[in-house]
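This report refers to the structure that appears directly beneath it.
The values are calculated or read from the model by the stated rules, or taken from the named source; none is laboratory data. Here the structure is a predicted model, which is why all the values come from computation and not from measurement. Neighbour counts run over all protein chains shown; Cβ positions are idealised from the backbone, glycine included. The area values use the complete protein model at the heavy-atom level, side chains included, leaving out ligands, DNA and RNA. Shrake-Rupley method; radii C 1.70, N 1.55, O 1.52, S 1.80 Å.
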Amino acid sequence: MAEDIRQAMSRPSILRMTEPLSTREGKLTLLALLMMLYVMALLASISVHELLGHGLFAALLGGDVYAFYLSPGSGFVSFWLPPAMTAAQVALVYMAGILVQLLIGTIVLFLVIPRIKNFMLGLFALMFCIGMTVHSSLYLFMGYIYDYGDTRYAASILRVQPDAFMVAGMIITGFFIIALSVVALRFLGRFMDLENDRNRTGALAIIWLPALLLSGAISFILSLMLPHSEMAYPLINSAILMLFVATALFLVPIFTEPVKGIEHRISFRSVLSVVICFMVILAGWAGIFGMSQESARGVLLHDPPLQVENFYSDYSLGNANLHAYSNGTLKIDIVLRNMMDSPSPLDEKIYRTFDRRPDWDRYIARSRGMLVTMFGLERSVGENLTFSTALGTARAPGIEDEFGRICTTYISLAGTRQIHMTPGELIPHPEISLVSGDYKVGFIDPWNNQGGYLDGVTVSWDPGMVPLEIIAWNRANPSIPYSLGSPEENRVGWSNVNIEESPANYRVVLNRSDD
């Protein structure tokens, strides 16, 4: 089988390995191999950036690294940093990816490549250095334009202007493109004829074509399909890369010494090795990590710390279940559940690790804040409330999640938000109760002023208590009927589906039957 493949590739075709590199066929073969090597080198470069950069420094400075995703185009490391870290330490974690790439890339470019004798290994090292030095220094500049860029985060944390980062990024990008071009020509000069400027320019163009085609031109084309707000990053990135490479193609061949090495022919074994490695890496990328961040399966190293639970939430289900006791005590269950819209498989795995281990401190704090708003409590009163916690069902129309976080507390009805009728008031109004009773349970939706609403609200009471008034309203609708339970069941409730039809205010007036 291998012999058949070798013979087929030796026939007149694009990949004619019997031809030396200086021929048209040899250059096309070289370009095809460089395309594959470039993709593999990008994955290696991204791995260094994310794991040896962000991941390693986060762990060394006391953080917790719990997941990562890698691809030839992008990647990320999920980590938690303790609050005790200084701003400089946090900024270092965010900049570590670029710094480690530049350090390793510089060593490989100036110390390793000049000593490499194997042609294919040298080509991979050149592609690796493009990712490690050129793309990282370009990201140093572009990372401020990109909304989630490392430079933007670091500058924001340090509270400094990004000008220094951006200027440094431009200068370093230009330096490494020129330096890499010089090193590339010196390396290729050992394997092909580079005696004249035209040959040197052609050889250098082949070295840069994978980056220009895969990271430049394709990004430029894709940017035209993006919304205007997202076009800047790929457009500027592509333009700067093309500008610097064009400058290198013009200047470097002129100032590089002519060399004529022994004409090299790429062996079938070398081509087969690159193709196999390329296919294995593509299969691993697609199978282990997923083709994009939106479909990322990634790698979950261990259960993340509780402190990051809130980051895996696009919105919250919220229920308020109240029960009035005949002795004037009101039991309140605040039920919360973080939810995600279309999470990636990796985010879903992380999200599910919190199902049975909530960050109770955060949920108690949220519940406390909600009650202060609901009942108009003094902040000091809210701070003195004590809570018990449990898992239970969080409900919304069409949704029942068994991992709702229930925070329960008790308050006296005398301490609830009461609105009394002024003497002589004759005109009924939802804001003013014309009904007097032993207990008035009146409260507001704590999320209404934020443009949200509680998904479910229930009010129940002890047997023997009689409801005199059950009313809920918002600005547009003075009377929104309950949709759950009935007075005969000693329970009423509202299942809310949108802000327009959800009550902003609730009131239930109760009498003890022994009166």
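Which of the numbered conditions does Gly328 fail, given that it passes all the others? Conditions: (1) surrounded by 17 or more Cβ atoms within 10 Å (Cβ to Cβ); (2) among the small types (Gly, Ala, Ser); (3) in contact with a helix residue (DSSP H, G or I) (Cβ under 8 Å, 6 or more places away or on another chain); (4) in contact (Cβ under 8 Å) with a residue 24 or more places away in the chain.
Only one criterion is unmet by Gly328, namely (1).
Looking at (1) surrounded by fewer than 20 Cβ atoms within 10 Å (Cβ to Cβ); (2) modelled with pLDDT of 90 or more; (3) within 28 Å of the chain's Cα centre (by Cα), which is the only condition Thr201 fails?
So Thr201 meets the others, but not (3).
Would a scan of region 280-302 turn up a residue that is closer than 25 Å to Leu454 by Cβ and assigned to a loop (DSSP other than H, G, I, E, B)? Let's see the steps before the verdict.
Narrowing region 280-302 to residues closer than 25 Å to Leu454 by Cβ: none.
No.
Evaluate the following for Arg16: is it over 30 Å from Arg200 (Cβ atoms), at pLDDT below 80 and surrounded by fewer than 21 Cβ atoms within 10 Å (Cβ to Cβ)?
Working: over 30 Å from Arg200 (Cβ atoms): no; at pLDDT below 80: yes; surrounded by fewer than 21 Cβ atoms within 10 Å (Cβ to Cβ): yes.
No: the conditions fail for Arg16.
Say whether the condition of being surrounded by fewer than 18 Cβ atoms within 10 Å (Cβ to Cβ) and closer than 30 Å to Gly464 by Cβ is met by at least one residue in region 340-350.
no
Given Gly318, Gly298, which one is under 30 Å from Met36 (Cβ atoms), out of contact with any Cys (no Cβ under 7 Å at 6 or more places or on another chain), open to solvent by less than 40 Å² (accessible area, probe 1.4 Å) and touching a residue at least 12 places away in the same chain (Cβ under 8 Å)? Steps first, answer last, please.
Working: Gly318 fails: under 30 Å from Met36 (Cβ atoms).
Checking each option against the conditions leaves just Gly298.
Within region 467-514, how many residues turn out to be charged (D, E, K, R) and in a helix (DSSP H, G or I)?
We begin by selecting, within region 467-514, every residue charged (D, E, K, R); these are 469, 475, 488-489, 491, 500-501, 507, 512, 514.
So of that shortlist, the ones also in a helix (DSSP H, G or I) come out as 488-489.
Adding up the residues that qualify gives 2.
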